[in-house]
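So the structure is just underneath, and the comments pick up after that.
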Amino acid sequence: MTVRSGKGYDFHVEVSEEIHEACGVFGVWGSDRVDVARLAYFGLYALQHRGQESAGIACFEDGKAHIHKQMGLVSDVFTAEALKTLKGNTAIGHVRYSTAGSSDLKNSQPILVEYQRGYLAVAHNGNLTNARIIRDELSEIGSIFQTTTDTEVIIHLMARSKEPAMVEKLIGALNEMKGSYSIVLFANNELIAARDPYGIRPLSLGCLKDSYVVSSESCAFDLIEAEFLREVEPGEILVINEKGLQSFFPFKKVQRRHCIFEYIYFARPDSFMFGRTVYTIRKALGRELARGDSIEADIVIPIPDSGIGAAIGYSQASDIPFELGLIRNHYVGRTFIEPEPSIRHFGVKLKHNAIHDLVSGKSIVVIDDSIVRATTSRKIISMLRYYGAREIHFRVSSPPTAYPCFYGIDTPSRKQLIAASHTIDEIKTYMNCDSLRYLTVDDMKRAIGDGDYAFCDACFTGDYFVPFPKEMDMEQMELFAMDFTAKTD
Ligand code: AMP
């Protein structure tokens, strides 16, 4: 459907199966004096950007467990009354956008179960690529699944384990799983956090007086005034209980592969992740873009919010003044986050507007962090031209996104990624800009500076280092179309 405005320019954004945000997890183990539910609530507030479809908190107290979860934003899901029911000394929380499993309440997290050994609640960020296979095997022998999430498979494997200690049960379950996970769980009054051996998705550890907290991103610690202790190491399992904190490294060591897209787009700029502050990286990517660019433009403008860090870096390195040429309406979710397709019709018009007299007559460098289908950028360029921009030079602070993610970021199928089937020149023509430049993979690596940290860049290179059994290529992620042929080992 095309929506044509009365002013004669086309602001339409097609309804799309765009890529969606991953999830955010939070956990707290505290003494009786700490209101763990409230800490989890504020933690989830800080992680809201990681998932806006559902939010939930589960708590454990003296042999009882409580849970409250609903579809919607953290601010809508939790009332003061709801928080009062969440008593205990251990809490885990989750904000979700579905990467595996369909979008409804039954798939929201944490998942809480009561089984022979008591209560078990799990919150997971990532994607378990062989979950479908294991799920089918378990179903064959009589397991009944309550959700369609990959996370529930872990719970089944743990419940079946004969190991006495909860951490051993978890290790056994994770030994069966492939893919990415940053997990927090409680089993009775023990909090356990685990990160996959590649460290694909982020997870950090903090403390607050005599409580421990774990969070997908460190920005949650700032909000609750917890001290950042360190990142949970790839392949590390932390067990927190009244004896204190114990750390285990039960898995074979592999080369770490942090998700580079967390730096480029997902994470909040104020988070410290993979050894660096996200904002610093975004600026470095922008500076790298400016290197070797000889455009003589009047202003540099970001597509807010995702392009801001890179645009500041570009402006500082090029001496072209930074301006906020586009204003974002902050009361609209990210264009692609809303699972309900109807809201996407409004697209760019709903979210961004240009400052007319600022852009009029100007040669403009427009910066964004990534191009997915080029629908947003095309509409923004159309709007800037309508308001009189003279030249538009589009710069992207990442390489062409040409491959879907199988490790926790829900991307469209390969055929919907414009860079998978079009040259940069063709994309430029489609977007109707005067010039278009991306970072190369080498530029990106140079800007980020690998150091001890190695990254997963599969969305740019197709280097899928966690193998996919051929027969389950597409089944893992239900939102993907069926046209993708992953590299298989
Ligand atoms: P488009 O111009 O239609 O290709 O959309 C590009 C925009 O999508 C950029 O502003 C990106 O910041 C944003 N984007 C990239 N990845 C994601 C994602 N996983 N979820 C939501 N938005 C994204």
Practice task
Among the residues of region 312-338, write down those that are more than 12 Å from the ligand (Cβ to nearest atom), more than 16 Å from residue 389 (Cα to Cα) and either at pLDDT below 95 or open to solvent by less than 10 Å² (accessible area, probe 1.4 Å) (or both).
Solution key: 313, 314, 329, 330, 331, 332
Practice task
Look at residue 174 and say whether it is touching a residue at least 40 places away in the same chain (Cβ under 8 Å), closer than 22 Å to residue 231 by Cβ, open to solvent by less than 40 Å² (accessible area, probe 1.4 Å) and out of contact with any Asp or Glu (no Cβ under 7 Å at 6 or more places or on another chain).
Solution key: yes
Handout entry: Test for residue 434: is it open to solvent by 20 Å² or more (accessible area, probe 1.4 Å) and modelled with pLDDT of 95 or more
Key = yes
Handout entry: Matching residues in region 234-254 - criterion: being surrounded by 14 or more Cβ atoms within 10 Å (Cβ to Cβ), assigned to a loop (DSSP other than H, G, I, E, B) and not aliphatic (A, V, I, L, M)
Key = 234, 235, 236, 250, 251
Exercise for the section: Give me the pairs, please: first residue somewhere in region 273-285 and over 19 Å from residue 257 (Cα atoms), second residue anywhere and surrounded by fewer than 22 Cβ atoms within 10 Å (Cβ to Cβ) and modelled with pLDDT of 95 or more, beta-carbon distance under 6 Å, and either six or more positions apart or on two chains. Expected result: 279/269; 283/312
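Conditions tested, residue by residue: (1) at pLDDT 80 or above; (2) under 23 Å from the mean Cα position of the chain (by Cα); (3) buried (at least 17 other Cβ atoms within 10 Å of the Cβ).
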{"site": "416", "(1), (2), (3)": "yes, yes, yes"}
{"site": "422", "(1), (2), (3)": "yes, no, no"}
{"site": "463", "(1), (2), (3)": "yes, yes, no"}
{"site": "466", "(1), (2), (3)": "yes, yes, yes"}
{"site": "471", "(1), (2), (3)": "no, no, no"}
{"site": "483", "(1), (2), (3)": "no, no, no"}
Problem - Near pairs, Cβ below 6 angstrom, 6+ apart or cross-chain, from region 369-395 (on the phi > 0 side of the Ramachandran plot) to any residue that is at pLDDT 95 or above and away from the ligand (no atom under 13 Å from the Cβ) - result: 388/360; 388/361
Fill in the blank from the handout: Flagged in region 264-287 as closer than 14 Å to residue 365 by Cβ and away from the ligand (no atom under 16 Å from the Cβ), in numbering order, are 287
Practice task
Grab the helices (runs of 4 or more DSSP H) fully contained in region 345-424, keeping just those with 2 or more residues being over 14 Å from residue 307 (Cα atoms) and within 13 Å of the ligand (Cβ to nearest atom).
Solution key: 347-351, 375-386, 418-421
Exercise for the section: Among the residues of region 409-430, write down those that are acidic (Asp, Glu) and more than 22 Å from residue 201 (Cβ to Cβ). Expected result: 425, 426
Practice task
Return yes or no: is residue 77 of a type in the set (A, V, I, L, M) and in contact with a Ser or Thr (Cβ under 9 Å, 6 or more places away or on another chain)?
Solution key: yes
Exercise for the section: Please find, among 111, 92, the residue that is free of Cβ contacts under 8 Å to residues at least 60 places away in the same chain and buried (at least 24 other Cβ atoms within 10 Å of the Cβ). Expected result: 111
Completion exercise
Expected output for region 183-212 (first residue under 22 Å from residue 65 (Cα atoms) and open to solvent by 10 Å² or more (accessible area, probe 1.4 Å), partner acidic (Asp, Glu) and modelled with pLDDT under 95, Cβ below 8 Å, 6+ apart or cross-chain) is 189/242
Problem - Qualifying residues in region 69-89 (those that are under 11 Å from residue 108 (Cα atoms) and out of contact with any Leu (no Cβ under 6 Å at 6 or more places or on another chain)) - the one most open to solvent (accessible area, probe 1.4 Å) - result: 70
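Here is a yes/no grid of residues against (1) among the aliphatic types (A, V, I, L, M); (2) open to solvent by less than 10 Å² (accessible area, probe 1.4 Å); (3) modelled with pLDDT under 95:
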residue: 263; (1), (2), (3): no, yes, no
residue: 270; (1), (2), (3): no, no, no
residue: 273; (1), (2), (3): yes, yes, no
residue: 279; (1), (2), (3): no, no, no
residue: 294; (1), (2), (3): no, no, yes
residue: 297; (1), (2), (3): yes, no, no
Practice task
Quickly run through region 357-372 and pick out the residues that are open to solvent by less than 30 Å² (accessible area, probe 1.4 Å) and charged (D, E, K, R).
Solution key: 368, 369
Problem - Residue check, residue 288 within 15 Å of residue 446 (Cα to Cα), buried (at least 16 other Cβ atoms within 10 Å of the Cβ) and of a type in the set (Asp, Glu) - result: yes
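The values are calculated or read from the model by the stated rules, or taken from the named source; none is laboratory data. Since the structure is predicted, the reported quantities are computational estimates derived from the model, not experimental observations. No Cβ is skipped: glycine too gets one built from the backbone with ideal geometry, and neighbour counts run over all protein chains shown. Just the protein is used for accessible areas: all its heavy atoms, side chains included, with ligands, DNA and RNA removed. Shrake-Rupley method; radii C 1.70, N 1.55, O 1.52, S 1.80 Å.
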